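Student: I have a structure I would like to understand better, so I am pasting it below and will then ask my questions one at a time.
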Amino acid sequence: IDVFTDREARTGELSGYENTANTIMPYESIYSKIEAAAPGVKTYSLYPRGIDRESHPETVIGYDSLEDMHNKIKDLCKAEGSKFILAYHNEPDHLAHVNGYWAKQVKENVKLIIRSTRKLCRKLSDTLVIISADHGYIDISKDIFLEEIPELSNMLLRPPSMEPRAVSLFVKPG
């Protein structure tokens, strides 16, 4: 099971489990930490529609496009009071997975995101904008499944677990 998506690793089908990552690796979210440290700060997370997120304690807002996301950020920033806004955009990640990182579509999309984000930042005042990636990227030529390599799988107590992005290996003693 891919713990962050609650899907079967090979088939992509829903596993039937919910919130596996937090069950296996409990953590306190940034939103909960902000709520405890500064109760007057409102917290928000923005995700593309179709990515279901639980609202607790932050308010989750869906958006339809990069422009829509930026408009929602702008509106939230205009509202009175202190706030923390996390906005997740699924590009260029999606395009890179489909076309490869060095594809023309990916480069053009990155340029669009940069232009649009600069335009957004020019319209904001008294606002700190931090841009980060949730992971790096490298083009690969084929998938490698550790359990299909006898020299490695024979050293393991059980098959690799968790998920490909955060694999756990249980190595035999000795």
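The values are calculated or read from the model by the stated rules, or taken from the named source; none is laboratory data. Values in this document were obtained by computation on a predicted structure and should not be read as measured data. Here the Cβ positions follow ideal geometry from the backbone for every residue, glycine too, while neighbour counts run over all protein chains shown. Surface areas here come from the heavy atoms of the whole protein model, side chains and all, with no ligands, DNA or RNA. Shrake-Rupley method; radii C 1.70, N 1.55, O 1.52, S 1.80 Å.
Student: Past 23 Å, Cα to Cα: identify those pairs from LYS74/LYS104; LYS83/LYS119; LYS104/LYS142; LYS33/LYS123, in the order given.
Tutor: LYS74/LYS104; LYS33/LYS123
Student: Rounded to the nearest percent, how much of the accessible area of segment 13-123 (1.4 Å probe, protein heavy atoms only) is carbon and sulfur?
Tutor: 51 percent
Student: I would also like to ask the following. Based on the Kirkwood radius over alpha-carbon pairs, what is the Stokes-Einstein translational diffusion coefficient of the chain at 4 °C with 1.567 mPa s viscosity, in µm²/s?
Tutor: 67 µm²/s
Student: If r is the Cβ-Cβ distance from ALA103 to GLU80 and R0 is 30 Å, what FRET efficiency results, to the nearest 0.05?
Tutor: Approximately 0.10, to the nearest 0.05.
Student: If you take the charge dipole of the chain about its Cα centre, with +1 on Lys and Arg Cβ and -1 on Asp and Glu Cβ, which of SER32, GLY174, LEU76 is farthest toward its positive end?
Tutor: Sorting the options by dipole projection puts first LEU76.
Student: Give the accessible surface of the chain per residue, rounded to a whole number of Å², with probe radius 1.4 Å and ligands, DNA and RNA excluded.
Tutor: That works out to 74 Å² per residue.
Student: Can I ask one more? Report, in debye and to the nearest 20, how large the dipole of segment 69-151 comes out about its Cα centre when Lys and Arg carry +1 and Asp and Glu carry -1 on their Cβ.
Tutor: Here the size comes out at about 1000 debye.
Student: Please find the FRET efficiency linking LEU112 to ASP139, where r is the Cβ-Cβ separation and R0 is fixed at 22 Å, and quote it to the nearest 0.05.
Tutor: In this case the efficiency is close to 0.55.
Student: Taking 0.36 nm per residue of separation and subtracting the Cα-Cα distance, what length does fully extending ASP64 through GLU148 add?
Tutor: Result: 26.2 nm gained on full extension.
Student: Between segment 34-71 and segment 105-163, how far is it from one alpha carbon centroid to the other, in angstrom?
Tutor: Distance between centres, Cα-based: 21 Å.
Student: Express in Å², to the nearest 10, the accessible area of PHE145 obtained by rolling a 1.4 Å probe over the protein heavy atoms while all chains stay in place.
Tutor: Approximately 70 Å² of PHE145 is accessible to the 1.4 Å probe.
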